[in-house]
């Protein structure tokens, strides 16, 4: 096996905590093929850069020759996740979790080598456990220790109900490590408690406890919340190159260092130097790097070119087209038809507010009637372009 | 079915709480054959008058024609009982619990009609539950509600460890009511919490919640602690008539009313009148009543007669015999042989202390040598008698 200290340094780069660092290094140096576990939540199959933080660490382990196992919590998803938001998430069916698991695997393949990546469904072992096995599992942990988990603790102290079954969730997740006899588990800091339960349970079941590495949660484009699809502050790893580039250009200045360190192979000191030199250039460089990573160099260059044109106020090379059958049309009517405005009144206000351009020239008359005998470019706000042409019947 | 209001009154007599009294009366009047549940702890197979409190209530239900089901917690016994004494009781094997269950049934047969009494082992349903079933069961209850149970609450507040599996115990016991679709569950006040869990779970599983009746815990002969074999303050329902009578005479004056009400068919006002009239006579009457109940009239009369003789200092009609082969023997040697004294020195001290009689006459000479050509009665202290005779070879 490969014992590449540079890659080991990259694995550790950005980590919040390692339990234990010495143990991790020793195992990586042992020459043994390690089992690296990552728990996946199949109820959230759309992967974004937030997920890529740990996935890219797994890629490094994979490059060193270790065995990567994704545990799809198809069984645990059936009970919903105690999110701390005091509402029970609807339980998924086994079928739904399988289908999400496959979708997850397909997306993961954009980062990891799918041939060398294993998927395990935890229903494989959890569904075989009977009541006596559950009792045995539960006997390994005290109520007080489970209630130390932040979300439980807060809810318990605030007298918000916690269902008994929710307490089983961390035990199940921890038991996954026992079932796999995992050497290392990687996860976000929000998973620290669960990962350490796995570590403790392995010892109770007579195994060598796994090493645990936690990484920070990537803050989203809003600069406030953890990146998530539901908050629409995300960059999806499946998004088109142009969208990815444009979104990546919106990373807040003060988060750019985190994005470099957590989502690319740039080491911290190098990222600091890039940002210190020229913040605008650093943004372009980041956006290019991310787009190239998921779409290749050519697509990244094309996305950069398009971005420069749009950001400079020029129309992009390619844009949607819209055909009109009349020879001429009221501009406010046209704005409604293409979907830029939701009513004629709104369209007039958009024009009056100097938000509409034809062929690059701002329209000032809200009652303008335009001819469509020749195609023209209708621009709405800064970034939205559409080519208008006649359908030929006029 | 029998709707005998007198028996219904007897069932209610002495009850601490009934959830709900109206529901109970309605069910008893419905003409339907009800399922009456009692949970039995197979780790404590020796029944005493403390157990008889609820068993005798079941007998009344049985006489009214209802179905009595003992649930032997063979499955639950495997995890030990959270006693609140902060130590885990050793888990029993399935075999041990079955054997205790049979012993339990044999003793129960002294109070209930064994032909009309059913035994159910909760492993029948609990061992068939898988992890998903356990999750479903657990989801019906919140952590806070389980931790309201007195022993959990105290231990939790005092930061004494509670194992996660202990929290499952009341849910399992409660699920027994669901499995039986029980109409009524009877138990001691220490079981109130568990019985109400059963009531709540039945509602969650779409059943009509069982009526719950709780009875006080019988205080033992020491006048302080709950009757229990380990504290040696008990009257076993399996004990010989003489022992039972003698022990029953030792019930403390201020507990006699409870013993009448909880362990015999005497209604409270009648018991009060008996005790008020003549406390000594009330004790005799109680001891006779209890002995007759478990051994019949003849044995009770014989036990009373013996008691009166012993208490009056006279030798009982029948006593153990001991044969001696020598024609004469040192008294202190004899006291050792029959087991009254553990050494010659102790025997001499017993004699000097005026604790030894021969044929009713106190012996004063510690060095006395006695002839065994004629049988004689050796008395040690107040109550221990033995007949000494020659083996005929002398």
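The values are calculated or read from the model by the stated rules, or taken from the named source; none is laboratory data. It should be emphasised that the depicted structure is a prediction, and the values quoted were computed from it without experimental measurement. Ideal geometry is used to build each Cβ from the backbone, glycine not excepted, and the neighbour counts take in all protein chains shown.
A few points about this structure:
- Taking segment B:105-147 as the range and being in contact with a helix residue (DSSP H, G or I) (Cβ under 8 Å, 6 or more places away or on another chain), under 25 Å from residue B:189 (Cβ atoms) and more than 12 Å from chain A (Cβ to nearest Cβ) as the test, the residues that pass are B:105, B:108, B:110, B:111, B:112, B:117, B:119, B:120.
- Each residue in segment B:122-140 was checked for being within 33 Å of the chain's Cα centre (by Cα) and over 30 Å from residue B:95 (Cβ atoms), and 0 of them qualify.
- Number of the exception - residue B:183 against (1) more than 11 Å from chain A (Cβ to nearest Cβ); (2) under 29 Å from residue B:225 (Cβ atoms); (3) in contact with a strand residue (DSSP E or B) (Cβ under 8 Å, 6 or more places away or on another chain): (2)
- Among the residues making up segment A:93-104, those that are under 19 Å from residue A:176 (Cα atoms) and within 14 Å of chain B (Cβ to nearest Cβ) are A:94, A:97.
- Across segment B:200-217, the number of residues qualifying as touching a residue at least 40 places away in the same chain (Cβ under 8 Å), away from chain A (no Cβ under 14 Å) and buried (at least 20 other Cβ atoms within 10 Å of the Cβ) comes to 6.
- Sole residue being at pLDDT below 90 and either touching a helix residue (DSSP H, G or I) at 6+ places or on another chain (Cβ under 8 Å) or under 21 Å from residue B:196 (Cα atoms) (or both), chosen from B:90, B:42: B:42
- Inside segment B:335-391, residues that are closer than 20 Å to residue B:319 by Cα, assigned to a loop (DSSP other than H, G, I, E, B) and out of contact with any strand residue (DSSP E or B) (no Cβ under 6 Å at 6 or more places or on another chain) make up a count of 9.
- Among the residues making up segment B:176-201, those that are in contact with a helix residue (DSSP H, G or I) (Cβ under 6 Å, 6 or more places away or on another chain) and within 19 Å of residue B:127 (Cα to Cα) are B:177, B:178, B:179, B:198, B:201.
- Residue check for residue A:220: buried (at least 23 other Cβ atoms within 10 Å of the Cβ), under 18 Å from residue A:55 (Cα atoms) and either away from chain B (no Cβ under 11 Å) or in contact (Cβ under 8 Å) with a residue 24 or more places away in the chain (or both): yes
- Every residue from segment A:96-137 that is more than 17 Å from residue A:73 (Cα to Cα), in contact (Cβ under 8 Å) with a residue 40 or more places away in the chain and exposed (fewer than 15 other Cβ atoms within 10 Å of the Cβ): A:113, A:116
- Scan of segment B:141-157 for residues that are in contact with a strand residue (DSSP E or B) (Cβ under 8 Å, 6 or more places away or on another chain) and in contact (Cβ under 8 Å) with a residue 60 or more places away in the chain, ordered by number: B:141
- Subset of segment A:158-180 that is in contact with a strand residue (DSSP E or B) (Cβ under 7 Å, 6 or more places away or on another chain) and under 26 Å from residue A:60 (Cβ atoms) - its residue that is surrounded by the fewest Cβ atoms within 10 Å (Cβ to Cβ): A:180
- Residue ranges of helices (runs of 4 or more DSSP H) in segment B:1-63 with at least 1 members touching a residue at least 24 places away in the same chain (Cβ under 8 Å) and either within 16 Å of the chain's Cα centre (by Cα) or at positive phi (or both): B:49-63
- Total residues in segment A:159-170 satisfying the condition of being at the interface with chain B (Cβ under 7 Å from one of its Cβ atoms) and touching a helix residue (DSSP H, G or I) at 6+ places or on another chain (Cβ under 6 Å): the figure is 4.
- Residues satisfying the stated conditions in segment A:4-43, i.e. touching a strand residue (DSSP E or B) at 6+ places or on another chain (Cβ under 7 Å), farther than 13 Å from residue A:54 by Cβ and crowded, with 17+ Cβ neighbours inside 10 Å: A:18, A:19, A:23, A:24, A:27, A:34, A:35, A:42
- Taken over segment A:259-284, residues that are assigned to a helix (DSSP H, G or I) and in contact (Cβ under 8 Å) with a residue 60 or more places away in the chain amount to 5.
- In segment A:148-158, residue farthest from the other protein chains (Cβ to nearest Cβ) [restricted to those that are out of contact with any helix residue (DSSP H, G or I) (no Cβ under 8 Å at 6 or more places or on another chain) and over 18 Å from residue B:139 (Cβ atoms)]: A:154
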